[in-house]
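The values are calculated or read from the model by the stated rules, or taken from the named source; none is laboratory data. Just so it is clear, the model here is predicted, and its values are computed rather than measured. For neighbour counting, all protein chains shown are included, and Cβ atoms are generated from backbone atoms with ideal geometry for every residue, glycine included.
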Protein chains: 4
Amino acid sequence: MTRMHVPVRLRWNDLDAYGHVNNAAMLVLLEEARVQAFWGAEIVDSVTNPSTLWLVARQEIEYLSPVPYQSQPLDVQLWLGRLGGASLEICYEVCSPLDAEPFTQYARAASTIVLVDPTTQRPRKITEDERASWSAWSDEPIAFTRRG
Amino acid sequence: MTRMHVPVRLRWNDLDAYGHVNNAAMLVLLEEARVQAFWGAEIVDSVTNPSTLWLVARQEIEYLSPVPYQSQPLDVQLWLGRLGGASLEICYEVCSPLDAEPFTQYARAASTIVLVDPTTQRPRKITEDERASWSAWSDEPIAFTRRG
Amino acid sequence: MTRMHVPVRLRWNDLDAYGHVNNAAMLVLLEEARVQAFWGAEIVDSVTNPSTLWLVARQEIEYLSPVPYQSQPLDVQLWLGRLGGASLEICYEVCSPLDAEPFTQYARAASTIVLVDPTTQRPRKITEDERASWSAWSDEPIAFTRRG
Amino acid sequence: MTRMHVPVRLRWNDLDAYGHVNNAAMLVLLEEARVQAFWGAEIVDSVTNPSTLWLVARQEIEYLSPVPYQSQPLDVQLWLGRLGGASLEICYEVCSPLDAEPFTQYARAASTIVLVDPTTQRPRKITEDERASWSAWSDEPIAFTRRG
């Protein structure tokens with residue numbers, strides 16, 4: 001199983017009045033993980049004039065355990081559950097920091113991203129270079145268990 | 001079809017560098033809608049010592065159209081897709097402001113909430129009063145179309 | 001004394017783990033108040049292509065009392081402490097909701113804003129129309145007491 | 001001149017629709033820097049039951065240059081401009097990442113913090129241990145230039 005491991009640091013301000021990371025703040029952590037994992041320097045450095053927009057079409061998340069504040073970065077594991085023509089499904093497991101004892105799985109999630117051309121505002125195809133680079137991270141999609 | 005209509009005002013700060021409401025900020029809007037819709041004054045006014053914790057166990061959202069900044073409050077429609085023993089599924093449609101032309105459906109979403117006793121930290125049953133009050137808002141759960 | 005009164009609603013997510021509105025979230029409330037008070041529809045509706053950027057050059061805030069969550073909008077009072085050539089100083093008092101008992105003053109603050117032309121990225125002069133409209137809100141600047 | 005250097009990573013979500021770090025998000029960065037610099041493990045690990053509350057009484061910030069998104073952590077420099085009986089003034093300079101060319105000073109700021117006992121909700125004295133540890137970081141307070 002091939003996954004990227006992205007360390008994502010909590011902020012004190014991610015906590016809400018319950019003293020845990022807020023449910024919406026968890027999606028900010030996922031966003032941080034995918035920006036770090038998938039955006040090359042050319043995207044990051046041209047943020048006000050990017051060559052591609054990464055639009056989120058769908059998200060699903062199961063919160064398995066409340067996330068307390070902690071000073072070590074969480075270990076966010078990412079992989080691609082699907083690599084389509086102009087879209088991709090990023091899968092995540094949000095885990096306690098590497099080497100933390102005991103190990104805790106805080107959440108599992110998936111985001112469907114559509115790559116959009118900022119000029120035409122229309123989806124653009126994943127290039128062959130991107131596909132070659134990203135396909136190394138393909139794996140089974142998340143099996144969600146709480147769809148009820 | 002019986003739905004609550006909750007007006008939720010955007011904040012300028014909900015926008016990200018793409019100039020639209022950020023994907024995670026959308027979940028903050030859902031949170032605001034459900035706090036306004038479901039929390040009685042006794043919960044709101046005792047936030048640092050609440051009698052019940054509303055823990056989010058699961059969320060799913062489909063983003064149908066980017067949300068631009070606008071000064072009129074969005075119309076967030078809520079209903080209950082399921083009313084269990086100690087949990088409920090809140091369904092949402094996030095729509096353009098009432099009377100806006102043209103009408104836009106920005107997102108559809110669902111949150112599974114578990115009611116937790118803050119003393120025992122364990123799920124507590126939905127009371128008969130709550131069930132009587134909330135069952136008026138029961139309807140079909142969201143039919144998500146992008147699960148792929 | 002002539003002040004604008006802008007109702008600004010808290011969000012549950014403004015609270016941090018101390019159970020009060022976070023210190024940085026207070027500045028988001030100020031931002032909301034000034035957007036509602038000073039931005040005409042033409043600015044709000046052209047957010048991705050605005051005719052003027054409102055850049056914040058400086059802020060100062062004194063937190064007088066912790067802000068608990070409450071369902072009624074806070075009463076944010078605004079006025080202009082200074083109206084310069086290309087900049088203005090907006091003064092604020094953040095107060096408990098109108099008619100709330102007892103009355104509480106939560107914070108006093110000031111923001112210096114520079115109006116910037118998005119094309120040239122340089123400060124642009126306040127127009128005569130803006131000056132005529134805004135000068136009605138001029139008053140003494142805030143007297144801060146905690147500069148130490 | 002003795003300053004702490006705290007690396008603080010931006011998040012994509014810190015940007016607002018202007019494509020720069022939002023003015024209020026800058027205060028979240030300051031909060032992160034001071035949490036990392038001053039909070040011992042015993043505070044961080046007992047966040048829901050802390051032995052001391054760090055309440056912000058006052059903040060002042062001058063924004064010197066817009067902060068673009070960048071993948072390297074900013075270099076937030078901190079020192080103590082004042083060390084009182086139950087309060088301290090933390091001074092900050094927010095700078096471009098270490099080794100970045102060219103060097104940019106993005107902001108200067110100061111926060112007055114009051115240490116509060118969570119049981120009595122009253123200010124508590126800085127202990128001798130804290131004073132001994134923190135006085136190594138004392139220096140001249142910030143000379144703000146935009147007070148007008």
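Can you spot a residue in region D:57-64 that is at pLDDT 95 or above and more than 10 Å from every other protein chain (Cβ to nearest Cβ)?
Keep residues of region D:57-64 that are at pLDDT 95 or above, which gives D:57-64.
Keeping just the survivors that are more than 10 Å from every other protein chain (Cβ to nearest Cβ) gives none.
Within region D:57-64 (the criterion being at pLDDT 95 or above and more than 10 Å from every other protein chain (Cβ to nearest Cβ)), the answer is no, since none of the residues qualifies.
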Take the conditions at pLDDT 90 or above and either surrounded by fewer than 15 Cβ atoms within 10 Å (Cβ to Cβ) or over 30 Å from A:Val35 (Cβ atoms) (or both) and apply them to B:Gly81. Does it pass? yes
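To keep it simple, each residue is scored yes or no on (1) on the phi < 0 side of the Ramachandran plot; (2) without any contact (Cβ under 8 Å) to a residue 60 or more places away in the chain; (3) among the hydrophobic types (A, V, I, L, M, F, W, C).
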| position | (1), (2), (3) |
| --- | --- |
| C:Pro66 | yes, yes, no |
| C:Gly84 | yes, yes, no |
| C:Ala109 | yes, no, yes |
| C:Glu130 | yes, yes, no |
| C:Pro141 | yes, no, no |
| C:Thr145 | yes, no, no |
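Here is a check on your reading of the model: is A:Ile113 part of a strand (DSSP E or B), surrounded by 12 or more Cβ atoms within 10 Å (Cβ to Cβ) and β-branched (Val, Ile, Thr)? First the steps, then the outcome.
Numbers: part of a strand (DSSP E or B): yes; surrounded by 12 or more Cβ atoms within 10 Å (Cβ to Cβ): yes; β-branched (Val, Ile, Thr): yes.
Answer is yes for this residue.
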Need the failing condition index for C:Leu29 against (1) outside any loop (DSSP other than H, G, I, E, B); (2) within 14 Å of chain D (Cβ to nearest Cβ); (3) surrounded by fewer than 17 Cβ atoms within 10 Å (Cβ to Cβ); (4) out of contact with any Gly (no Cβ under 9 Å at 6 or more places or on another chain), just the number. (3)
Take A:Asn13 and tell me if it is within 9 Å of chain B (Cβ to nearest Cβ) and polar (S, T, N, Q). no
If you scan region D:121-141, which residues turn out to be assigned to a loop (DSSP other than H, G, I, E, B) and touching an Asp or Glu at 6+ places or on another chain (Cβ under 8 Å)? D:Arg124, D:Pro141
